Amino acid sequence: MVLSESVRAEIKKWMDLYPAGRQRSAILPALYVIQREFGYCQVDAQNELAEMLELEPAEVGAVVDFYHMFHTEPKGEYHVEVCTNVPCMLRGAGKCMHEFEEKLGIHHGETTADDKYSLDHMECLGSCGTAPMVSVTERKTGQIRYFEELDAPEAVQKVLDLIAAGKAFKTLERWTPSGDPKLDGKAAGPYRIGGMEPRYLTARVLRRTATRSTPILPMAAMRRQSAC
């Protein structure tokens with residue numbers, strides 16, 4: 001038996017959250033529990049999970065193969081995933097990946113000889129505005145943190161320095177080079193886009209234009225006027 005009693009108990013808690021006969025819906029959190037325990041979803045563990053959920057092993061395997069965040073082979077102590085989707089690609093993801101490859105001495109899809117780092121690409125991490133960026137997962141805890149605005153070789157080196165110093169996961173909020181000049185692992189804070197402040201969104205309301213002498217009214221006021 002590959003799955004320990006504690007792992008089985010945790011999976012059972014997830015299964016109990018679903019109505020009778022729907023326990024298979026717990027497959028995603030159950031696979032996460034397995035990956036956190038072993039570092040990846042090994043086949044023997046998948047087969048035992050299939051038995052618990054009353055599924056065919058092929059059904060569990062299909063879910064593991066479909067979702068990019070589930071791994072079928074061991075990853076290093078720190079799993080670095082560089083977002084290479086189109087927006088990130090246009091903002092230098094290729095160079096970012098190359099810098100990690102150079103500094104770690106491996107290609108994407110590989111793990112360092114000391115098992116400390118694995119390097120992969122990821123299709124989208126939802127942080128287009130702060131590209132190029134990476135997601136780093138700590139194997140022993142399963143914690144994930146975003147490291148953003150890595151548009152220079154020095155920025156990539158700072159990420160590796162933070163990990164080496166044990167400061168990379170002091171918080172799980174996003175990190176940027178400019179937000180942490182002392183390399184303490186400090187969070188960068190919320191990301192803001194200029195131009196979305198209310199004063200910009202409402203600046204044209206009631207403003208007189210050169211071609212009209214009447215103010216531009218809010219929609220609610222226009223409806224009241226048309227109803228008169």
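The values are calculated or read from the model by the stated rules, or taken from the named source; none is laboratory data. What you see is a predicted model; the values in this text were computed from it and never measured. Counting neighbours? That spans all protein chains shown, and the Cβs are built from the backbone with ideal geometry, glycine included.
Matching residues to (1) of a type in the set (A, V, I, L, M); (2) over 30 Å from ARG139 (Cα atoms); (3) at pLDDT 55 or above:
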site: ALA165; (1), (2), (3): yes, no, yes
site: TRP175; (1), (2), (3): no, no, yes
site: GLY179; (1), (2), (3): no, no, yes
site: LEU183; (1), (2), (3): yes, no, yes
site: GLY189; (1), (2), (3): no, no, yes
site: ILE193; (1), (2), (3): yes, yes, yes
site: LEU201; (1), (2), (3): yes, yes, no
site: THR211; (1), (2), (3): no, yes, no
site: PRO215; (1), (2), (3): no, yes, no
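Scanning region 70-84 turns up one or more residues that are polar (S, T, N, Q) and outside any helix (DSSP H, G or I). The residue that is modelled with the lowest pLDDT, among those in region 9-36 that are basic (Lys, Arg), part of a helix (DSSP H, G or I) and more than 20 Å from ARG139 (Cα to Cα), is ARG24.
Which of the residues spanning region 82-116 are of a type in the set (Val, Ile, Thr) and closer than 28 Å to LYS140 by Cβ?
Taking region 82-116 first, the residues of a type in the set (Val, Ile, Thr) are 82, 84, 86, 106, 111-112.
Within region 82-116, VAL82, THR84, ILE106, THR111, THR112 qualify.
Residues are listed down the side, and each one gets a yes or a no for (1) under 30 Å from GLU148 (Cα atoms); (2) loosely packed, with under 13 Cβ neighbours inside 10 Å; (3) not aliphatic (A, V, I, L, M):
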position: GLU5; (1), (2), (3): no, yes, yes
position: ARG8; (1), (2), (3): no, no, yes
position: TYR18; (1), (2), (3): no, yes, yes
position: GLN23; (1), (2), (3): no, no, yes
position: GLN35; (1), (2), (3): yes, no, yes
position: GLN46; (1), (2), (3): no, no, yes
position: ASP65; (1), (2), (3): yes, yes, yes
position: PRO74; (1), (2), (3): yes, no, yes
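Taking the listed residues SER135, SER118, SER127, the one that is in contact with a Gly (Cβ under 7 Å, 6 or more places away or on another chain) and among the polar types (S, T, N, Q) is SER118, with no other qualifying. In region 95-136, the qualifying residues are those that are outside any loop (DSSP other than H, G, I, E, B) and touching a Cys at 6+ places or on another chain (Cβ under 9 Å), and the one that is surrounded by the fewest Cβ atoms within 10 Å (Cβ to Cβ) is CYS128.
Report yes if GLU59 is modelled with pLDDT of 95 or more and more than 25 Å from THR130 (Cβ to Cβ), otherwise no. Break it down stepwise before answering.
On the way: modelled with pLDDT of 95 or more: yes; more than 25 Å from THR130 (Cβ to Cβ): yes.
Yes; evaluated as a whole, the condition is true for this residue.
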